[in-house]
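Report on the structure given below.
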Amino acid sequence: MAFFSMVLNWAAYGLLLLLIPLAVAFLGYCLYIKYIHMKFDHIPGPPRDSFFFGNTPTFLAVMKKGDLIHDKFLEWRLKYGPVCKINFLHTVLVMVTCPEATKEILMSPKYSKDSFLHSGLFTLFGQRFLGNGLVSVRHHEEWYKQRRIMDPAFSSLYLRGLSGTFNERAEKLMDKLTELADSKTDTSMLSLVNCVTLDVIAKVAFGVDLDLLNHSSPFPRAIETCLKGMVINIRDKFFAYNPMNRPFINEVREACRLLRHTGAEWINNRKAAIQNGDEVPKDILTQIIRTVGKETMTPEDEEFMLDNFVTFFIAGQETTANQLAFCIMELGRHPDILEKAKKEVDEVIGMKQEISYEDLSQLVYLSQVLKETLRLYPPATGTTREVVEDIDINGMRVPKGGTFIFSTYVTGRMEEFFPDPMKFDPDRFHPDAPKPYYCYYPFSLGPRSCLGQNFAQMEAKIVMAKLLQRFDFSLVPGQTFDIMDTGTLRPKSGVICSVRHRNHKK
């Protein structure tokens, strides 16, 4: 009996020794959170839902309902002002909508992308995703090395030479639409333009023919799955601890592996062509290989190349497809704007099939339509930066240690910057209209602005011009105009349209 008593005493003593450091650690964590609160609580913002989780429960509730967190950001901005604090666990996010501060911070190389977002992009549930690719790499020096190597693949001279490929891939969409018009079959325009933009990036950037309009492929679903996983990985840090979520997590990991395995295969084929002395294009794939530039590559070098492959494969396809779908949706809702855009296309392009690089610069009103689409529906809603030093914004002191959020979605829907902001009005971007001052940045701003924006807009303009030239379309009644957040913004309905051949007047 005495022996068992002694064992129990020792067990109790051991448990006490274990609990004391845990209690001290927990107390330290509580004090740290309290310190963070005290440091930032002078900045206005929504009240915390809880001491430990901050506003995270609100994020999760919005996601669960299928609503848009960016609308909640807009609501908070209108209520709390141009410098607004949001607590995400023990991280403080400071949403900034002042044009002057936006200019100062985004145009400067000294503000790095934040570590919080980087960790959510580097891996998805333990599987490497964007890693240290051009979009996700944090520090300016590392980014600049990559950007300098990638620039030739996006030069205006090189893009000029791509117009033929853009036309060729867009013609495949026209062939598909001809079939649908002949059979009088309604269709999801989002699905079709997704196929086209993925075809374009595969061919133009990587030299691979996918022909997704006529052949099934696992890539569109893999990209969508990765992007959904990315949103959850960033906004719900407890998702992975729920056993009920294991099937989706495994699906995300498998999608990441598919993209990276495909990238490895395409990279190895291109490297073999280079080593054999074959002539290769100065495209994105060649430039990705040059970012390492060694004959003997380490496994980490291989992973780094795959980071940029996945970055360009997704970024070069998803955002343009969503912009096109939103543009078609808004033109379907505004027949007067649609007719004006058609008239311009008829005057500039006429009936010719090949749209030249020079033609694009004359499609001024179509450019305005595409820009207005990006104002209301920016597929990439904004960007973040690390608060590296104390800074005064609009009379508000923001201490270092937090994360700046800049949202073009929020500023694009503010009366302060765009009168009657919910009205779709391409004339806001008329060449003679005043240009938005650091409140419109669908491709970000400054040194970290999107490298592929000219590529994307050239592609979007060719696809839209051909569509307007050849077809009439109308939105099928009964669908919503809601927005879905899957890492990028996309139309929830899929933009279901009835498509008919245009009856050109002679």
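Relative contact order of the chain, please, whole-number percent, based on alpha carbon pairs below 8 angstrom and at least 6 residues apart.
22 percent
By how many degrees, 0 to 90 and rounded to 10, does the Cα axis of helix 246-275 deviate from the longest principal axis of the chain?
60 degrees
Evaluate the distance, in nm, between pseudo-label points positioned 7 Å from the Cα of Lys39 and of Asn250 along their respective Cα→Cβ axes.
Here the answer is 4.1 nm between the modelled labels.
For the pairs Lys72/Lys343; Lys203/Lys271; Lys34/Lys79; Lys64/Lys176, flag any whose C-alpha to C-alpha distance is greater than 28 Å.
Distance filter (> 28 Å) returns Lys72/Lys343; Lys64/Lys176.
What is the spin-label model distance, in nm, from Arg500 to Asp432 if the labels are put 7 Å beyond Cα along the C-beta direction?
With each label placed 7 Å out from Cα toward Cβ, I get 3.6 nm.
If Lys and Arg each add +1 and Asp and Glu each add -1, what is the summed charge of the other residues whose beta carbon sits under 15 Å from the beta carbon of Arg246?
Summing Lys and Arg as +1 and Asp and Glu as -1 gives -2.
Among 458-464, 164-170, how do they line up from the highest to the lowest mean number of other beta-carbon atoms within 10 Å?
The most tightly packed comes first, giving 458-464, 164-170.
Applying 1/(1 + (r/R0)^6) with R0 = 30 Å to the Cβ-Cβ distance of Glu141 and Lys400, what FRET efficiency is obtained, to the nearest 0.05?
Rounded to the nearest 0.05, the efficiency is 0.90.
For a footprinting-style exposure proxy, rank Asp41, Asp49, Asp392 by other Cβ within 10 Å, fewest first.
Asp392, Asp41, Asp49
Given a Förster distance of 35 angstrom, what is the FRET efficiency for Glu358 paired with His90, based on the Cβ-Cβ distance and rounded to 0.05? Provide the component values of the computation, followed by the final result.
On the way: r = 55 Å, r/R0 = 1.56.
Efficiency at R0 = 35 Å is approximately 0.05.
Between Thr298 and Asp420, what is the spin-label point distance in nm, taking each point 7 Å from the Cα along the Cα→C-beta axis?
6.0 nm
Figure the gain on full extension for Phe51 and Lys103 (residue separation times 0.36 nm, minus the Cα-Cα span) and round it to one decimal in nm. Walk me through the numbers on the way to the answer.
Details: separation 52, 0.36 × 52 = 18.72 nm, distance 3.35 nm.
Length difference between fully extended and current span is 15.4 nm.
Over the Cα atoms of segment 53-501, compute the convex hull volume and normalise it per residue, giving Å³.
Cα convex hull per residue, to the nearest whole number: 151 Å³.
Can you work out the FRET efficiency for the pair His261 and Arg333, with r the C-beta to C-beta distance and R0 = 60 Å, to the nearest 0.05?
0.90
Taking the Cα atoms only, what angle lies between the long axis of helix 69-80 and the longest principal axis of the chain, rounded to 10 degrees?
70 degrees
Where does the chain land at 222 nm, in deg cm²/dmol rounded to the nearest 500, when only DSSP H runs of n ≥ 4 count, each adding -39500 (n - 2.57), divided by all residues?
-17500 deg cm²/dmol
Report the net charge of residues surrounding Glu100, where surrounding means a beta-carbon distance below 14 angstrom and charges are Lys +1, Arg +1, Asp -1, Glu -1. Working shown, then result.
Values: positive: Lys103; negative: Glu104, Asp392, Glu416.
Here the count lands on -2.
Do you know the Lys pair count in segment 351-481 for C-alpha distances under 16 Å, with sequence separation 8 or more or different chains?
Count of close lysine pairs: 5.
Read-outs throughout are calculated quantities, based only on the coordinates presented, and are distinct from any laboratory measurement. Because the structure is a prediction, the values reported are computed rather than measured. Positions of Cβ are backbone-derived with ideal geometry, glycine not excepted, and every protein chain shown enters the neighbour counts.
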